[in-house]
Amino acid sequence: MIILLLALIAAPGPGPDMTVLSRPITGPYTHLLYEQKAEHDYDALHYTIWVEVLPDIGELEATAGVLFSSTVSNLNEIRFDFLQMNIDSVWDTTGPLVYSQFEDSVVVTLSSPMNPGDTSEVYLAYSGTPWNEGAGGFGGFWFYPDVYFHMGVGVYTDPPSLGRAIFPCWDHPSDKASIEFYITVPDTLYAVANGDQAWKRELPDGKAFFHWVQPQPMPTYLAAFAVSDYAVLQDSTYSWIWYYVYPDDIEDALVSFQNVNLMMDQYESTYCDYPWDTKFSYVETPKGDMEHLTQVYHIYFAINGYNNYDWLLAHEMSHHWWGNCVTEEIWTDVWLSEGFAVYSEAVWAEYYGPEAYDDYVVNDIMLPYLNSGEMFPITNPTNPSEMWSYTTYQKAASVLHMLRHILGDTVFYNTLHNYFNEFAYSNATTDDFRDHVEAASGEDIDWFFDTWLHDWGYPIYNLEYNWVENAGNWDVTVDLEQVQTVGPIFTMPLEFGIYGTSEDTLVVMWNDLQTQSEVFTVSFEPTEVQFDPGHYVLSPHLTGMNDRPQPPPFGTGTLYFTPNPTMSMTVLNWSGMVDSELSVTLYDLSGRMILEWNMNAGDRHMDISSVPSGLYLVEASGPGNIRQSAKLIIQGRM
């Protein structure tokens, strides 16, 4: 689900980490993630959704047609994921079908057994109040004043896919199908959905009827529609890019979206042509951001007449390659979507040059992760809090940055192109990506994947240098020790810049031992040795040795608040920092400080009764130069 103009690509100043806006609100997650596939004996091919939005009563009336093929012999019944609304009837071309509705699903008895390759279409009529995650949640269908919209991923929901909140489906990222929506709304409103608009018709009873078609296969969590009195704007460069915004925000939108065509150019030149036969668009919504296919739902406050949310626009656009087109096979491989999207923020920054890329990688990707204190592996997160984390987003992006350096640009981008070409409109795993790295490089890469993706933490290097003259040359000795107490011994090619008064050179140590020493001979007298001058290693040296983050054993966990949303009081939760004194600051979305707290160990209550309702960012910092930011929603009081 969730950067910058040159003016913003700079060392971070005081204030919160704004990149947390691309991540969902975290919460008190304790359950393990659903990782294995449920039994699945059919393949969904196409969904047709007829839906009428009834704003006055906050309900939907709908019918879903599901075209599917059997993958087993003697298929007698099928199960659809479905939440909350009532199934009124089920039928196929032969007539009514027997069905049973449960809390999270509906099971339909077929009119005749099916065998592999057989196809059929089942229709389900349903109505009622659609499900959402409730206060502080993200996913599901929402009735806001004047805006009615669906968010296809849940942050409190396991598994996160929430196509099932608006239509019966097999709601798993591994099953892709084409989709079309027929949407009826009051004729003062506009409905936008996936794909291209086939037509709009005015009905005689004060209603409007929209038909949207997405012909290429997509996962159900990307299916969505939004309804409001949208103004429809067309991009001035690309006629297939559209913007759906509130009428009062038209002037701001003209500025906030002015670089979208340049982002598209950058991704098409770096990755490949936009991979969808239909539109690309941004849709203004009260919640966001979310990369629904061909229609990114973009949060309202980011359309502000400035370009300070370019990073967020770029992040969500890039999902149309990574996540939407090449989709993770299972949710616990979500780094293949979110890590790639965060790295793509840096690819967008690279439009402004290599220095902008380097600044963005260091200051907006590597440092936020290092300062977070998180230490768990990227792959196989154990709960939703770990899945929507600095590790999944920033550490995973750092891994791609390091991999690019190790492979070189040609092999790295050949890897991405080949990986994309094989798995476009399909699903991939971490092992699939690793196999493509090895195929493009011709080398075993397990040494990199095993430590950086599948294991804990990051390397911490103690380094000493000395140099002596030797027969007219100079011998430079590098003594290295990896001193991290969490995680493995990391294998990496480490660069050292050796500088003299008028000459310099770059040397490389292949480090695969905890303690290692190597001598490099140069023709000039050194005055300085610098470790990793190109910023290619995720390690605390990036922060400066005197400011090295020192997380507690096994890390800090992820910062969150309970309750969130709240009206007047909330409690800060940070599992690895419970015995620490904390400095906590509340910021509004402009970065302006609103409140500060100095918390003793055991004191985690935050009185926010004086703060107006809205979305805020909270930064908490503690001993060891550890800090994290998180979102906090303050609701209006009665």
Apply 1/(1 + (r/R0)^6) to the Cβ-Cβ distance of ASP512 and SER89, taking R0 = 51 Å, and write down the FRET efficiency to the nearest 0.05. 0.20
Cross-link partners among aspartates and glutamates for LYS200, C-alpha distance below 12 Å, same-chain residues fewer than 8 apart left out? ASP187
Inter-part distance where segment 499-522 and segment 107-183 are each reduced to a Cα centre, Å: 57
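Treating only the Cβ of Lys, Arg, Asp and Glu as charged (+1, +1, -1, -1), what charge dipole size does the chain show about its Cα centre? Round to the nearest 20 debye.
On the way: 19 positive and 86 negative charges, 313 e Å.
Taking the Cα centre of the chain as origin, the dipole is about 1500 debye.
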accessible surface per residue for segment 483-638, probe 1.4 Å, DNA/RNA/ligands not counted, whole Å² -> 47
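Treat every Asp and Glu Cβ in segment 436-594 as -1 and every Lys and Arg Cβ as +1, leave all other atoms uncharged, and give the resulting dipole magnitude about the Cα centre to the nearest 20 debye.
The dipole of segment 436-594 has a size of about 940 debye.
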Can you send over the solvent-accessible area of THR129, 1.4 Å probe, protein chains only, in Å² to the nearest 10? 70
Work from the charge dipole of the chain (Cβ charges, +1 for Lys and Arg, -1 for Asp and Glu, about the Cα centre) and give the residue of TYR221, VAL232, TYR282 farthest towards its positive end. VAL232
Name the residue farthest towards the positive end of the dipole of segment 355-509 from the options PRO459, LEU506, GLN394, assuming +1 on Cβ of Lys and Arg, -1 on Cβ of Asp and Glu, about the Cα centre. GLN394
HIS150 accessible area, assembled protein chains, probe 1.4 Å, Å²: 0
Go through PRO533, GLY95, SER127 and say which Cα lies farthest out towards the positive end of the charge dipole of the chain; charges sit on Cβ, +1 for Lys and Arg, -1 for Asp and Glu. SER127
Tell me, what ³J(HN,Hα) does each residue in segment 536-544 have, in order and in whole Hz, if you take phi through Karplus 6.51 cos²θ - 1.76 cosθ + 1.60 with θ = phi - 60° and put x for Gly and Pro? 10, 10, 6, 7, x, 4, 5, 8, x
Under the Karplus relation 6.51 cos²θ - 1.76 cosθ + 1.60, θ = phi - 60°, what is the ordered set of whole-Hz ³J(HN,Hα) values for segment 132-144, x standing for Gly and Pro? 9, 6, x, 3, x, x, 10, x, x, 9, 10, 9, 9
For LEU262 and ASP603, calculate 0.36 nm times their separation in residues minus their Cα-Cα distance, and state this gained length in nm to one decimal. 118.0 nm
Cut-off 13 Å, label 7 Å out along Cα→Cβ of THR109, residues of segment 75-96 by amide N: 76-78, 96
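Determine the gain in length on full extension of the stretch ASN418-ASP187; use 0.36 nm per residue of separation and subtract their C-alpha separation, reporting nm with one decimal.
Details: separation 231, 0.36 × 231 = 83.16 nm, distance 4.66 nm.
Full extension of this stretch gives 78.5 nm more.
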Need the C-alpha centroid separation for segment 69-90 versus segment 525-560, integer Å. 53
Euclidean distance between Cα centres, segment 213-247 to segment 430-466, Å: 39
Pop out the ³J(HN,Hα) list for segment 318-325 in order, Karplus 6.51 cos²θ - 1.76 cosθ + 1.60 with θ = phi - 60°, rounded to Hz; leave Gly and Pro as x. 5, 4, 5, 9, 10, x, 7, 9
Name the residues of segment 63-83 whose amide N is less than 14 Å from a point 7 angstrom out from the Cα of LEU203 along the C-beta direction? 63
Does segment 221-344 classify as rounded, prolate or oblate by the C-alpha gyration tensor (a ≥ b ≥ c root eigenvalues; a/c under 1.5 gives rounded; else a/b over b/c gives prolate, otherwise oblate)? prolate
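So how do VAL483, VAL342 rank on accessible area, 1.4 Å probe, biggest first, that is with the largest at the start?
Values: VAL483 50, VAL342 0 Å².
I get VAL483, VAL342, largest accessible area first.
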Under the rule of -39500 (n - 2.57) per DSSP H run of 4 or more residues, summed and divided by the residues of the chain, what mean residue ellipticity at 222 nm is obtained, to the nearest 500 deg cm²/dmol? -5000 deg cm²/dmol
Which entry is the computed P(r) over Cα pairs in 20 Å bins from 0, in percent for this structure: [x] 18, 50, 26, 5, 0; [y] 18, 44, 27, 9, 2, 0; [z] 14, 31, 24, 15, 12, 4, 0? [x]
By how many nm would the segment from ASN304 to PHE102 grow when fully extended, if each residue of separation counts as 0.36 nm and the alpha-carbon distance is taken off? 68.3 nm
In this structure, among LYS176/LYS279; LYS287/LYS631; LYS279/LYS631, pairs with alpha-carbon gaps over 22 Å are LYS279/LYS631
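Report the calculated FRET efficiency for ILE406 and VAL255 (r = Cβ-Cβ distance, R0 = 56 Å), to the nearest 0.05.
Working: r = 40 Å, r/R0 = 0.71.
That pair, ILE406 with VAL255, gives E of 0.90.
The values are calculated or read from the model by the stated rules, or taken from the named source; none is laboratory data. Just so you know, these numbers come straight off a predicted model, no measurement behind them. Cβ: placed from backbone, ideal geometry, glycine included. Neighbour counts: every protein chain shown. The protein model used for the area step is the full one, side chains on, heavy atoms only, and it has no ligands, DNA or RNA in it. Shrake-Rupley method; radii C 1.70, N 1.55, O 1.52, S 1.80 Å.
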